[in-house]
Amino acid sequence: MKAIFLIGTAGSGKSTLTSRLLQYYEKNSAFASVLNLDPGVESLPYTPDVDVRDYVDIVELMKQYDLGPNGSMIMASDLIASKIDQIENQVSEINPDYLLVDTPGQMELFAYRASGPFFIQNINAEEKVNMFLYDATMITSPSNFVSVSLLAASIKLRLGLPTINVMTKTDLIPDNIAQVIKWSSDPISLEESMRKDSDGETYSLITDILRSLNLGELTEKLIPISNATEEGMVNLESALSRVINLGEEVED
């Protein structure tokens, strides 16, 4: 089994992309299943094969421990780690070739608390990959782009997984796609845009961050996609095959 973790800021399109990837694998006769790890989600664009909500009840936690929504989400996130044996047993019974893991909308609850890395380290899979989603509507300015890139690098370091960086919602910024893609592959172009867009102190700080990211090879060129139109999905699927299948494409 090969596990694909979809991680990104709230509203970046994780669940929708999970649904698109599931459709891709099904279309190509590959056996894929979905694990929903978001205990607070109310509706999903797919039917999860394994659902953390079967093991952790947000509403019950709020009632039992007199918690608010945020407190219950934190507690639920930590409880996920204690349910890994039951979750893994259920996944093993299904025994898919590919396990798509849709992580919580509040990314920090999964990535920065101990339960997320613990889950990743202990889930039984031959290969594991992190797909980090950049919300295109958040990165149209150079400073915002660098900020989200820093977040992506932080997640990569935190989880210790090979990472594919994906820009979602490209249909919402048609006039900015080329520029953002250029920033992701051409540091000089990004520095020049930063110089025009910020004051001296901000420019100095952000260019230092940018150069550190590039020296550490923590950034990679973005793959632009649209969940709405499915444009760019072929390129994403090819990149995913190169990382997780060592270059072997899923056969039609």
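What does the helix-only formula give at 222 nm for the chain: each DSSP H stretch with n ≥ 4 adding -39500 (n - 2.57), the total divided by the residues, and the result rounded to the nearest 500 deg cm²/dmol? Don't skip to the answer; put the middle values down first.
On the way: 11 runs with 126 residues, N = 252.
Computed mean residue ellipticity for the chain: -15500 deg cm²/dmol.
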Farthest toward positive dipole pole in the chain [+1 Lys/Arg, -1 Asp/Glu at C-beta], among L213, T168, P104: L213
Residues in segment 93-117 reached by a label modelled at N144 [backbone nitrogen below 20 Å; 7 Å Cα→Cβ]: 106-108
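Using the structure shown, list the pairs from K2/K221; K14/K182; K2/K63; K27/K156; K63/K83; K128/K196 with a Cα-Cα distance above 28 Å, or answer none.
Values: K2/K221 23 Å; K14/K182 24 Å; K2/K63 37 Å; K27/K156 30 Å; K63/K83 20 Å; K128/K196 40 Å.
Table pairs above 28 Å Cα-Cα are K2/K63; K27/K156; K128/K196.
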DSSP H segments from the chain that extend 18 Å or more along their own axis, Cα-based, with Kyte-Doolittle mean of -1.0 or above: 14-27, 69-82, 142-159, 200-215
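If we count every other residue with Cβ under 13 angstrom of E192's Cβ, Lys/Arg +1 and Asp/Glu -1, where does the sum land?
Details: positive: K182, R195, K196; negative: D186, E191, D197.
Surrounding charge for E192 is 0.
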Listed residue (L44, S147, A81) projecting farthest to the positive dipole end of the chain, Cβ model: S147
Translational D in µm²/s for segment 1-137 (Stokes-Einstein at 4 °C, 1.567 mPa s, Kirkwood Rh from C-alpha pairs): 86 µm²/s
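How big is the dipole moment of segment 2-244 about its Cα centre under a simple scheme where the beta carbon of each Lys and Arg is +1, that of each Asp and Glu is -1, and everything else is neutral? Debye, nearest 20, please. Intermediate results must be reported in sequence, preceding the final value.
On the way: 18 positive and 33 negative charges, 80 e Å.
Approximately 380 debye in magnitude.
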Value of Rg to Rh for the chain (Rh from inverse mean 1/r over Cα pairs, i.e. Kirkwood): 0.98
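Values in this text are rule-based calculations from the coordinates and carry no lab data. This one's a predicted model, so the numbers in the text were calculated from it and none came from an experiment. A quick note on method: Cβ atoms are made from the backbone with ideal geometry, for glycine too, and the neighbour counts reach across all protein chains shown.
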